[in-house]
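A.B. asks: I have a structure I would like to understand better, so I am pasting it below and will then ask my questions one at a time.
The values are calculated or read from the model by the stated rules, or taken from the named source; none is laboratory data. Source: prediction; values computed, not measured. Heads up, the Cβs are rebuilt from the backbone with ideal geometry, glycines too, and the neighbour counts pull from every protein chain shown.
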């Protein structure tokens, strides 16, 4: 396949997507994250980790103040701000890479955009807070529209989707429609199929295998598989096993057309991304090459020995 090139318009810059896969480093400042168990809740520790993520080679950083692990409970906007704002104040003018904040709340988005944030990563696809779209439009922010099914509290009760990719395509198209009606320029928007987030078990692999179907929406694609539970339960897998599982799914995402990958282990995944990009480039060169005439050497050789 040939991955389409895009320009992602942010408030203060334009990010070129498609010439290589960009890496979005994850920083969770929550006490109950499934991936780091509250390691970065302290603002000083989170600040140091953010600098490290940039130093390790991430192209963007995504900061989250509310866990969306299965079964997690929603928190107030003020509680989310209390976790994020001290970190953003410390980081102001300290990073060269764009900062994204993982939130679906308009009140949180309004405040963090005052502190240098350029992207809002909305896991709800503009469904949880109708006012968020207006904030994004008015502030010229970049937007990630992610697909979600249900809520973290309800995921354990949901049955597998009969047509998982058909549902994702339909719902993301609807999310793009909501953004368009709010006046948000499509060039500001990236889509994310929402690996996990209400999809059951093996259906997440089906999403990765069919990811190229999302190109019909003509938007750049972000994929986040890092340390997700579908790779294996933490109590039954070593950290190395989950790292290898992440590497495999990052590679699959890129070969099926992802423009960005969202990862926790930035340093480890950079090498994976580089190799996957080389494989994708080889595929693109083969797709553009005219077909070679069929060789009949073996047939002629057998005839000459007949």
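A.B. asks: Pick from 194, 271, 257, 183: which is more than 27 Å from residue 55 (Cβ to Cβ) and either surrounded by fewer than 16 Cβ atoms within 10 Å (Cβ to Cβ) or out of contact with any strand residue (DSSP E or B) (no Cβ under 7 Å at 6 or more places or on another chain) (or both)?
C.D. replies: Sole residue among the options that is more than 27 Å from residue 55 (Cβ to Cβ) and either surrounded by fewer than 16 Cβ atoms within 10 Å (Cβ to Cβ) or out of contact with any strand residue (DSSP E or B) (no Cβ under 7 Å at 6 or more places or on another chain) (or both): 183.
A.B. asks: Residues in region 176-206 that are over 17 Å from residue 155 (Cα atoms) and not in a loop (DSSP other than H, G, I, E, B): how many?
C.D. replies: Residues that pass the stated criteria total 15.
A.B. asks: Another question, if that's okay. Report, by residue number, each residue of region 35-63 that is under 17 Å from the mean Cα position of the chain (by Cα) and modelled with pLDDT under 95.
C.D. replies: Matches in region 35-63: 35 only.
A.B. asks: Every residue in region 130-147 that is without any contact (Cβ under 8 Å) to a residue 40 or more places away in the chain and not in a loop (DSSP other than H, G, I, E, B), please.
C.D. replies: 132, 135, 138
A.B. asks: Could you tell me whether region 145-156 includes any residue that is buried (at least 21 other Cβ atoms within 10 Å of the Cβ) and touching a helix residue (DSSP H, G or I) at 6+ places or on another chain (Cβ under 7 Å)?
C.D. replies: yes
A.B. asks: The conditions are (1) at pLDDT below 95; (2) touching a strand residue (DSSP E or B) at 6+ places or on another chain (Cβ under 8 Å), and residue 200 fails exactly one of them. Which is it?
C.D. replies: Of everything listed in (1) at pLDDT below 95; (2) touching a strand residue (DSSP E or B) at 6+ places or on another chain (Cβ under 8 Å), residue 200 misses just condition (2).
A.B. asks: Could we say that residue 287 is under 16 Å from residue 1 (Cβ atoms), out of contact with any strand residue (DSSP E or B) (no Cβ under 8 Å at 6 or more places or on another chain) and at pLDDT 95 or above here?
C.D. replies: no
A.B. asks: Pairs only if they're at least six apart or on different chains, beta carbon under 7 angstrom, first in region 223-252 and free of Cβ contacts under 8 Å to residues at least 12 places away in the same chain, second surrounded by fewer than 21 Cβ atoms within 10 Å (Cβ to Cβ); list them, first residue then second.
C.D. replies: From residues that are free of Cβ contacts under 8 Å to residues at least 12 places away in the same chain, the pairs are 241/232.
A.B. asks: Still on this structure: Would you check which residues across region 98-134 are surrounded by fewer than 20 Cβ atoms within 10 Å (Cβ to Cβ), at negative phi and touching a strand residue (DSSP E or B) at 6+ places or on another chain (Cβ under 9 Å) and list them?
C.D. replies: 115, 128, 129, listed by residue number.
A.B. asks: Further question on the same structure: Out of 191, 221, 195, 207, which single residue is under 20 Å from residue 68 (Cβ atoms) and more than 13 Å from the chain's Cα centre (by Cα)?
C.D. replies: None of the other options fit; the residue is 207.
A.B. asks: Let me ask something else. Residues of region 148-165 being in a helix (DSSP H, G or I) and over 19 Å from the mean Cα position of the chain (by Cα), which ones?
C.D. replies: Within region 148-165, 155, 156, 157 qualify.
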